[in-house]
Amino acid sequence: AQSVTQLDSQVPVFEEAPVELRCNYSSSVSVYLFWYVQYPNQGLQLLLKYLSGSTLVKGINGFEAEFNKSQTSFHLRKPSVHISDTAEYFCAVSDVGDSSYKLIFGSGTRLLVRP
Amino acid sequence: DTGVSQDPRHKITKRGQNVTFRCDPISEHNRLYWYRQTLGQGPEFLTYFQNEAQLEKSRLLSDRFSAERPKGSFSTLEIQRTEQGDSAMYLCASSLGTTGELFFGEGSRLTVL
């Protein structure tokens with residue numbers, strides 16, 4: 001069965017510092033991978049996705065992620081964070097062969113950017 | 001605004017009452033998903049529709065829960081005889097069903113007293 005592990009429940013970082021949010025997944029088949037962001041009292045917004053091809057994926061707001069098949073990881077990075085990046089970040093996976101295309105989410109990482 | 005819309009955004013009810021949530025997906029999307037999100041957790045899959053057919057239900061969807069999408073457009077999620085454990089954010093998402101990219105609404109927050 002699929003599962004997603006986000007090891008860090010909260011990541012505090014100072015403004016303009018780099019950040020990495022970790023995501024590992026468990027699946028016996030090929031996967032699609034996603035990062036979503038959730039601001040307080042709002043729905044989820046797609047940051048970026050890996051479907052195939054280049055393992056380095058660039059998304060919105062300066063975020064990027066790298067797919068590492070051997071380590072079953074899809075870590076999210078940003079070289080310089082802003083106060084406005086404070087939010088909850090969710091990693092999600094979908095099996096390529098699952099016709100439902102439903103997403104399985106991790107428990108989330110709260111990014112707290114301090115001035 | 002042509003995104004996914006959910007109504008109501010907030011619902012407070014007493015234990016034992018029935019509640020219904022509505023979701024209007026992006027118009028050209030044939031797939032519609034319901035998720036539940038409790039505090040401090042990621043969204044958990046409940047069920048999904050392709051057009052009007054409900055194709056998969058999670059074991060989280062007890063017999064007190066029912067979802068419909070009668071004409072393949074909007075969907076409703078009804079919870080009967082609510083319990084305090086039903087308190088959560090109920091998220092709706094839609095997609096074209098090609099790559100798994102889901103577009104989420106802002107959610108309906110349920111509080112059961």
May I have the pair-distance distribution P(r) for region B:1-45, computed from all Cα-Cα distances with 10 Å bins from 0 and rounded to whole percent? 20, 45, 30, 5
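Given charges of +1 on the Cβ of Lys and Arg and -1 on the Cβ of Asp and Glu, with all other atoms neutral, how large is the dipole of the protein assembly as shown about its Cα centre, in debye to the nearest 20? Before the final figure, lay out the partial values.
Numbers: 23 positive and 24 negative charges, 94 e Å.
Using Cβ point charges on Lys, Arg, Asp and Glu, the protein assembly as shown gives about 440 debye.
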Shape call for region A:5-45, from the Cα gyration tensor axes a ≥ b ≥ c (a/c under 1.5 means rounded, otherwise prolate when a/b beats b/c, else oblate), comes out oblate
For the pair A:Arg114 and B:Ser58, how long in nm is the line joining their label points, each one 7 Å along Cα→Cβ? 3.4 nm
For chain B the mean separation of alpha carbon contacts under 8 Å (6+ apart) over residue count, i.e. relative contact order in percent, is 37 percent
Candidate cut points under trypsin sites (Lys or Arg not before Pro) in region A:23-100, DSSP loop plus at most 11 other Cβ atoms within 10 Å of their own Cβ, are A:Lys69
Once you've got the GNM for chain B with C-alpha springs shorter than 10 Å, pick whichever of B:Gly72, B:Gly16, B:Gly100 has the biggest mean-square fluctuation. B:Gly100
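Find how much the distance from A:Ser9 to A:Lys58 grows on full extension, using 0.36 nm per residue of separation minus their present alpha carbon separation; answer in nm with one decimal.
Numbers: separation 49, 0.36 × 49 = 17.64 nm, distance 2.33 nm.
Extra length from A:Ser9 to A:Lys58 when fully extended: 15.3 nm.
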Inter-chain shielding metric for B:37-45, i.e. average beta-carbon neighbours from other chains within 10 angstrom, reads 6
Roughly how many nanometres apart are two label points built 7 Å out from the Cα toward the Cβ at A:Leu51 and B:Leu113? 4.8 nm
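Between B:Arg15 and B:Glu44, what FRET efficiency comes out of the Förster formula 1/(1 + (r/R0)^6) with R0 = 22 Å and r the beta carbon distance, rounded to 0.05? Walk me through the numbers before you get to the answer.
Working: r = 22 Å, r/R0 = 0.98.
With R0 = 22 Å, the Cβ-Cβ based efficiency is 0.55.
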Could you calculate the FRET efficiency of B:Glu68 with A:Ser28 from 1/(1 + (r/R0)^6), where r is the beta carbon distance between them and R0 is 30 Å, rounded to 0.05? 0.35
Looking only at A:Val13, A:Val31, A:Val93, which one moves most when chain A is put into a Gaussian network model with springs between Cα atoms under 10 Å? A:Val13
Pairs of alpha-carbon atoms within less than 8 angstrom and 6+ residues apart define the contacts here; what relative contact order does chain A have, in percent? 37 percent
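Of A:Lys49/A:Lys102; A:Lys49/A:Lys69; A:Lys58/B:Lys57, which sit over 23 Å apart, Cα to Cα?
Numbers: A:Lys49/A:Lys102 14 Å; A:Lys49/A:Lys69 15 Å; A:Lys58/B:Lys57 33 Å.
Pairs exceeding 23 Å: A:Lys58/B:Lys57.
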Selected from A:Leu48, A:Leu21, A:Leu103 as most flexible by GNM, with chain A as the system and alpha-carbon contacts under 10 Å: A:Leu103
Once both label points are put 7 Å beyond Cα along the C-beta direction, the A:His82-B:Ser87 separation in nm becomes 3.6 nm
Kirkwood Rh and Cα Rg combined as Rg/Rh, chain B: 0.95
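Can you tell me the dipole magnitude for chain A around its Cα centre, using point charges on the Cβ only (Lys, Arg +1; Asp, Glu -1), in Debye to the nearest 20?
100 debye
A short reminder: the numbers here are calculations on the coordinates, not readings from a lab. The model shown is predicted, which means the values in this text are computed figures rather than measured ones. Backbone-built Cβ (ideal geometry, glycine too); neighbour counts: all protein chains shown.
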